[in-house]
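*Asks:* Dumping the structure here so I can ask a few things about it.
The values are calculated or read from the model by the stated rules, or taken from the named source; none is laboratory data. For clarity, every value in this text was computed on a predicted model and none was experimentally measured. Glycine gets a Cβ as well: all are built from the backbone with ideal geometry, and neighbour counts include every protein chain shown. Ligands, DNA and RNA are stripped out before the accessible areas are found, and what is left, the full protein with its side chains, is counted by its heavy atoms. Shrake-Rupley method; radii C 1.70, N 1.55, O 1.52, S 1.80 Å.
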Amino acid sequence: MIGPGTVWLYLLKRLVLAITIIVIAVTLLFLMIHAVPGDPAVALLGPRASPEIRAALHEQMGLDQPLLVQVAAYFGRVLHGDLGFDPFSQRPVADIVFAQLPYTIELILVSISWAVAVAVPLGCYSAVRRNSALDQVVGIIGVATIAIPSFVMAVYALLVFAVALRWLPAIGPGDGFADGLVHLILPSFAIGIGWVGYISRLMRASMLEVLGENHIRMARSFGISEWRIIARYALPLAILPTVTILGMGIAWLLSAAVFVEVVFARPGIGALIVNAVSTRNYPIVMGVVVVTTFLIVVATTLSDLVNASLDPRTREKL
């Protein structure tokens, strides 16, 4: 078992790492945003706004201060849970971001859940029945789905299943729980299908490696059934790389969700960040970056803890 002291020390290290990552990410984003030509006051007020009105907006947004002062002031507000105010709606940025974030998290969880539920059994079966017809089919489909970007899959799924066949709704989040699930089918398919191929190939390779280890041979020598060996002794170790990849892949899932939400006109941080970038809405962009960076750090930390709970060999690394 992992001792409480070890866990708290590990979480403290992760907290320091999370703060460092957020500081670096926000600072770099500040620099990149200010390097983009154009005036956010013009995007907000229009080209006919007087210089006085533009100067007042610059002062309200803090753009009249030096860049380092803006960065320091922003970090000071974040420490107090303040992500700033949206100059368009005059609403707190935190309220806007957290109002849209559940839609994105819902899409990501549904996408990765069905992908794991399909890919793990396929990968295990391909390893156990290596070089069989199903193994070859799974390998071909896996490579093909990995090669297709999620936004391309989203466009074709929309054209085929929503426009041509009219089997599924095309846009929006749906109305109610049941209708919402129906509206999630195509977006979650566009994101998850690539992970089915990736995870199935990863599980196959990992399972083949685990099945060749000494403790598996010993279990077979005791006459334990093959499927019990796979489920009880091989799978908990073979799934470790998948858990790690899922934790590290949260950034890829978030970026994929951005494009998919735009294609299917779903609410979420995808449409929010696209609109914010197009209007140079600095507070919204910065708020999304802080929240998503925090989510990525939390996901990677949880994946490490799950790995440690499944594999005693990794606990000493905490």
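*Asks:* Given the conditions (1) within 27 Å of residue 108 (Cβ to Cβ); (2) of a type in the set (Ser, Thr, Tyr); (3) surrounded by fewer than 18 Cβ atoms within 10 Å (Cβ to Cβ), report the number of the one that residue 188 does not fulfil.
*Replies:* (3)
*Asks:* In addition: All but one of (1) of a type outside the set (A, V, I, L, M, F, W, C); (2) modelled with pLDDT under 75; (3) out of contact with any Asp or Glu (no Cβ under 8 Å at 6 or more places or on another chain) hold for residue 77; state the number of the condition that does not hold.
*Replies:* Against the list (1) of a type outside the set (A, V, I, L, M, F, W, C); (2) modelled with pLDDT under 75; (3) out of contact with any Asp or Glu (no Cβ under 8 Å at 6 or more places or on another chain), residue 77 comes up short only on (2).
*Asks:* Out of the stretch 89-103, which residues are surrounded by 15 or more Cβ atoms within 10 Å (Cβ to Cβ) and outside any helix (DSSP H, G or I)?
*Replies:* 92
*Asks:* Within the stretch 164-184, which residues are within 22 Å of residue 256 (Cα to Cα) and either in a helix (DSSP H, G or I) or open to solvent by less than 60 Å² (accessible area, probe 1.4 Å) (or both)?
*Replies:* Matches in the stretch 164-184: 168, 169, 170, 172, 173, 174, 180, 181, 182, 183, 184.
*Asks:* Determine if the stretch 104-123 includes at least one residue that is closer than 21 Å to residue 283 by Cβ, in a helix (DSSP H, G or I) and open to solvent by less than 50 Å² (accessible area, probe 1.4 Å).
*Replies:* yes
*Asks:* Follow-up question, since we're still on this one. Give me the pairs, please: first residue somewhere in the stretch 248-264 and open to solvent by 20 Å² or more (accessible area, probe 1.4 Å), second residue anywhere and aromatic (Phe, Trp, Tyr) and in a helix (DSSP H, G or I), beta-carbon distance under 6 Å, and either six or more positions apart or on two chains.
*Replies:* So the pair list comes out as 259/151.
*Asks:* Could you check how many residues of the stretch 247-262 are in contact with a Leu (Cβ under 6 Å, 6 or more places away or on another chain) and β-branched (Val, Ile, Thr)?
*Replies:* Number satisfying all stated conditions: 0.
*Asks:* List pairs: first residue in the stretch 135-153 and part of a helix (DSSP H, G or I) and open to solvent by 70 Å² or more (accessible area, probe 1.4 Å), second residue at pLDDT 80 or above and not hydroxyl-bearing (Ser, Thr, Tyr) anywhere in the structure, Cβ distance under 6 angstrom, at least six positions apart or on different chains.
*Replies:* Correct list of pairs: 146/194; 146/197; 151/259.
*Asks:* Being under 20 Å from residue 122 (Cβ atoms) and acidic (Asp, Glu) is the filter; apply it to the stretch 192-235 and report the residue that is nearest to the chain's Cα centre (by Cα).
*Replies:* 209
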